[in-house]
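Notes follow the structure.
The values are calculated or read from the model by the stated rules, or taken from the named source; none is laboratory data. Predicted model, so just to flag it, every value in this text is computed and none were measured. Ideal geometry is used to build each Cβ from the backbone, glycine not excepted, and the neighbour counts take in all protein chains shown. SASA here: full protein model, heavy atoms, side chains in, ligands and nucleic acids out. Shrake-Rupley method; radii C 1.70, N 1.55, O 1.52, S 1.80 Å.
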Amino acid sequence: MAKFQIAVYPGDGIGPDVTVEALRVLDAVQSSEPGLTLAYEHLDWGVHRWEQTGSVVPDNFLDILRPFDAILLGAVGWPAKIPDHVTLAPLVAIRQSFDQYACVRPARLYPGVRSVLADKDAGDIDFVVIRENSEGEYVNNGGRLRRGHPDEVAIQTALHTRRGVERILRYGFAIARTRRSKLTMITKSNAQAYAYVMWDEILEELSAEFPDVSTERQHCDAAAMNLVRRPEEFDVIVASNLFGDLLTDLGGVIGGGLGLAASTNTNPERQFPSMFEPVHGSAPDIAGKGIANPIASILSAAMMLDHLDSSNAAFRVRKAVERALADGCHTPDLGGTMTTEQVGTAVVERLSE
Ligand code: NAD
Ligand code: IPM
Ligand code: MN
């Protein structure tokens, strides 16, 4: 019987609230899924730990996480208490140290959910962003000179490698083959001619290997506009780390809201644990109110099940979510009145349907 060891890192703000519901759904699905056993270790990391010890994670946090089969993360950050770059540094370090280079973020409008875009129905918005997650604009590479002086200088240099760009594009092509066979690469190669022209060249080289996948390029400014005015034209988007970050908040909100947007941080070679988390953050504005939408966390847990080769369990979770949304089981962000816990219960109840 497969027993998977899962590190659970609920984090801050609404992170713990939504993670509890994802765990309830995982427990319910595994109780009726022969062969699936998940063992959890709960990590009390985050702002609460920082208040007691002065650091959000232990010094050896990567060593602690490395043996696990997967990491389920809630959300991190509480900017009123700690600067974000301090709280969030471990999250970025996990992604980069564990070579979780493929960040997969579906954006899909579900039946029963309204988009902020007028006249869009379920099916009109159904794309997936493959965000390069290990390098690009997020490398810790730079410095500051003459701190505090009027002529202070800050340098932050992005890093794009041929290997990194090629592997994320290959990942995107492979996903496109399982979908509508269209790949849109989003860069800014008209202005940033070193890095993104290399992206252009690598796309050109690889597209010959994938003649069944149609490819196009868009600059990120035009892509932001096109995602709003004709989202139905997108299938698979591949983008650098920062552009992928921006476009997935946009994808989340046009797909019904950030409360529905799930994400992976995948190490496809499985040399390290992959991490699963909602796209959204810790939402301090609604933390502690019991009204956070747990669906993004639940769908992230479903993506974790897929990664653990438990695709039947993943399928059942997704179907239960679809039914709950179609039945109007909505938290206030979707215009409903249900609590976080009530929506979690609604999904659990629909697992057996
Ligand atoms: P956010 O994603 O936390 O919230 C943006 C808006 O969306 C808020 O109005 C919030 O109430 C709403 N929202 C988000 N998730 C929701 C949910 N599940 N249900 C209902 N509404 C939801 O972004 P922010 O406010 O800019 O950032 C808050 C903190 O989270 C910051 O510290 C930020 O750095 C951090 N952050 C962390 C992650 C992460 O852990 N991966 C991601 C993004 C932001
Ligand atoms: C996300 C978040 C993170 C990112 C932050 C919290 C570092 O916005 O997961 O989308 O920028 O990757
Ligand atoms: Mn983001």
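Results for (1) part of a strand (DSSP E or B); (2) open to solvent by 50 Å² or more (accessible area, probe 1.4 Å); (3) more than 13 Å from ligand 1 (Cβ to nearest atom); (4) at pLDDT 95 or above, shown as yes or no for each residue.
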| site | (1), (2), (3), (4) |
| --- | --- |
| Q218 | yes, no, yes, yes |
| E232 | no, yes, yes, yes |
| L246 | no, yes, no, yes |
| L250 | no, no, no, yes |
| V253 | no, yes, no, yes |
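Out of all the residues in the range 154-196, which are part of a loop (DSSP other than H, G, I, E, B), β-branched (V, I, T) and open to solvent by less than 70 Å² (accessible area, probe 1.4 Å)? Give the derivation first.
Initial filter on the range 154-196 (part of a loop (DSSP other than H, G, I, E, B)): 157-158, 160-161, 178-181, 188-194.
After this cut, where a residue has to be β-branched (V, I, T) as well, the list is 157, 161, 178.
Correct list: T157, T161.
Here is a list: L260, L250, L246, L299. Which entry is within 16 Å of ligand 2 (Cβ to nearest atom) and touching a Cys at 6+ places or on another chain (Cβ under 8 Å)?
Values: L260 fails: touching a Cys at 6+ places or on another chain (Cβ under 8 Å); L250 fails: touching a Cys at 6+ places or on another chain (Cβ under 8 Å); L299 fails: touching a Cys at 6+ places or on another chain (Cβ under 8 Å).
Within the list L260, L250, L246, L299, the selection yields L246.
Please go through the range 311-329 and pick out each residue that is open to solvent by 20 Å² or more (accessible area, probe 1.4 Å) and either closer than 30 Å to N267 by Cβ or out of contact with any Lys or Arg (no Cβ under 6 Å at 6 or more places or on another chain) (or both).
Going residue by residue through the range 311-329, those that are open to solvent by 20 Å² or more (accessible area, probe 1.4 Å) are 311-312, 315-316, 318-319, 322-323, 326-328.
Selection gives S311, N312, F315, R316, R318, K319, E322, A326, D327, G328.
Looking at (1) open to solvent by 20 Å² or more (accessible area, probe 1.4 Å); (2) modelled with pLDDT of 95 or more; (3) assigned to a loop (DSSP other than H, G, I, E, B), which is the only condition P106 fails?
(3)
Name, by its number, the condition in (1) assigned to a helix (DSSP H, G or I); (2) among the aromatic types (F, W, Y); (3) out of contact with any Ser or Thr (no Cβ under 8 Å at 6 or more places or on another chain) that does not hold for Y40.
So Y40 meets the others, but not (1).
Restricting to the range 7-59, and then to whatever is farther than 22 Å from T345 by Cα and of a type in the set (A, V, I, L, M, F, W, C), can you tell me which residue is surrounded by the most Cβ atoms within 10 Å (Cβ to Cβ)?
V56
Kindly establish whether E201 is in a loop (DSSP other than H, G, I, E, B) and either free of Cβ contacts under 8 Å to residues at least 40 places away in the same chain or open to solvent by 10 Å² or more (accessible area, probe 1.4 Å) (or both).
Taking the combined requirement at face value, the residue does not satisfy it.
How do the pairs read when you match residues in the range 317-336 that are on the phi > 0 side of the Ramachandran plot with residues anywhere that are open to solvent by 10 Å² or more (accessible area, probe 1.4 Å) and away from ligand 3 (no atom under 16 Å from the Cβ), using Cβ under 8 Å and keeping only pairs 6 or more apart or on different chains?
These pairs meet every condition: G328/G112; G328/G336; G335/R114.
Among what's in the range 61-81 and is farther than 25 Å from K3 by Cα, crowded, with 18+ Cβ neighbours inside 10 Å and not small (G, A, S), pick the residue that is nearest to ligand 2 (Cβ to nearest atom).
In this case the residue turns out to be V76.
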